[in-house]
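I have placed the structure first, in the form of structure tokens, so that the comments after it can refer back to it.
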Amino acid sequence: MSLTQEELSEIKELLLFPKNIIIISHRNPDGDAIGSSLGLRYFLEKFGHNVKVVLPSDYPGTYYYLHGIDDCIIFDHQKKLTETVIQESDIIFCLDFNSLDRIDKIGPFVQNSQSKKILIDHHLDPEPFVDYMYSDTAASSTCEMVHQFIFDLGEEDKIDARIGDSLFTGLITDTGSFKYSTNPQTYRTAADLKERGADDYTLQDNIYNCYTENQMRLLGHCLANRMEIIPEYAAGVIALTKQDYLDFQIGRGDTEGIVNYILMLKGIEVAAFIREQPSIVKLSLRSKGDISVQDICRKHFNGGGHKNASGGAAYAKLEDIIKRFKTVLPQYVERRVVPS
Ligand code: 5GP
Ligand code: MN
């Protein structure tokens, strides 16, 4: 759903005079969530607005390089402040999520707020909890959409290197460095941001060459000891236990990207990365081609996302979730003949 010309005019009018603006993104924020939020923040500040970025939970250390990241309000640590800034806001931007349950306990505050709400998001099945919905499931990333939004407002001259670095971050992370989910506009956006000063080389270096020794050993452990291949359904599973979390001192963001290694195996089309957390089991699913992991997550794991990249969670035992994944697989993947 694009914004109509009329909606864009209304938004332009809303932004005409300085306001209190909140930008919210999803729990466990990734590069796209953080990059789009900070990019939009620096853009809106150029109009004299008072802008606060609110995140439900902490961000991975990978993104420390992003200017302004330490000004973000983290709901998990600053509940009262979050409530106050939402109460005092005039406008709330909702970036990179499609339903209020993706922002957990902040959801009711947003729902009950009288502020004008604007959604910019690229996930499937967005819920209508906003006044203005800009949803594009073909977009590579919310960062690509924020870039388009700035152009649609006719304010592209305000994009500087700092906004460029923020938005380029989501382009890189949501496409695995331009390997998937791209469309022609993704490359136009990248070119435009680079022209405006985004330093893509340094961004890629910051994002990908930042493993700690523990993370590298954890990756080795996952591949050597925790990976199971199901060749007849072109699938692979990596499952981590609570004990693994203790043994490898796994912190926020440390497991990012591990699921993608499974898809590097020739012939594998579905990948599951399943983690046992203190009170919940979380899943990250990835797929190739027509296999919809969004459908799997939505129907079986209380989640969703994109056709080829989705997540979910369940209150259940780790073994039961692995079993559930294997049980539903045949509904989504045709059985292969595996040479014996
Ligand atoms: P990841 O597996 O990297 O956590 O997430 C992959 C995609 O699925 C992201 O676009 C993310 O926003 C979405 N996603 C992850 N977990 C959930 C969830 O529990 N519910 C929903 N609706 N989407 C999720
Ligand atoms: Mn995204």
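The values are calculated or read from the model by the stated rules, or taken from the named source; none is laboratory data. A quick note: this is a predicted structure, and the numbers were derived from the prediction, not measured. Cβ atoms come from the backbone with ideal geometry, glycine included; neighbour counts cover every protein chain shown. We work out accessible area using only protein heavy atoms, side chains counted, and drop any ligands, DNA or RNA first. Shrake-Rupley method; radii C 1.70, N 1.55, O 1.52, S 1.80 Å.
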Can you pull out every residue in segment 115-148 that is more than 16 Å from ligand 1 (Cβ to nearest atom) and touching a residue at least 40 places away in the same chain (Cβ under 8 Å)? S115, K116, I118, Y132, M133, Y134, H147, Q148
Looking at segment 320-339, is at least one residue touching a Gly at 6+ places or on another chain (Cβ under 8 Å) and among the hydroxyl-bearing types (S, T, Y)? no
What are the pairs, 6+ residues apart or on separate chains, where a residue within segment 44-63 that is within 22 Å of E156 (Cβ to Cβ) has its Cβ under 6 Å from a residue that is part of a loop (DSSP other than H, G, I, E, B) and at pLDDT 95 or above? F47/L15; G48/P18; H49/P18; H49/K19; V53/C72
Check on S9, open to solvent by less than 60 Å² (accessible area, probe 1.4 Å) and of a type in the set (S, T, N, Q): no
Scanning segment 73-126 for residues that are charged (D, E, K, R) and crowded, with 16+ Cβ neighbours inside 10 Å, the one farthest from ligand 2 (Cβ to nearest atom) turns out to be D90
Enumeration of residues in segment 195-239 that are among the aliphatic types (A, V, I, L, M) and assigned to a loop (DSSP other than H, G, I, E, B): A198, A234
Across segment 284-312, what is the number of residues that are without any contact (Cβ under 8 Å) to a residue 40 or more places away in the chain, away from ligand 1 (no atom under 11 Å from the Cβ) and out of contact with any helix residue (DSSP H, G or I) (no Cβ under 7 Å at 6 or more places or on another chain)? 5
Sole exception among (1) more than 22 Å from V146 (Cβ to Cβ); (2) without any contact (Cβ under 8 Å) to a residue 40 or more places away in the chain; (3) not small (G, A, S) for K105, by number: (2)
For residues in segment 188-228 being open to solvent by less than 70 Å² (accessible area, probe 1.4 Å) and in contact with a strand residue (DSSP E or B) (Cβ under 6 Å, 6 or more places away or on another chain), which is nearest to L66 (Cα to Cα)? C222
Being within 16 Å of ligand 2 (Cβ to nearest atom) and either over 25 Å from S284 (Cα atoms) or of a type in the set (D, E, K, R) (or both) is true for just one of G35, G39. Which residue is that? G39
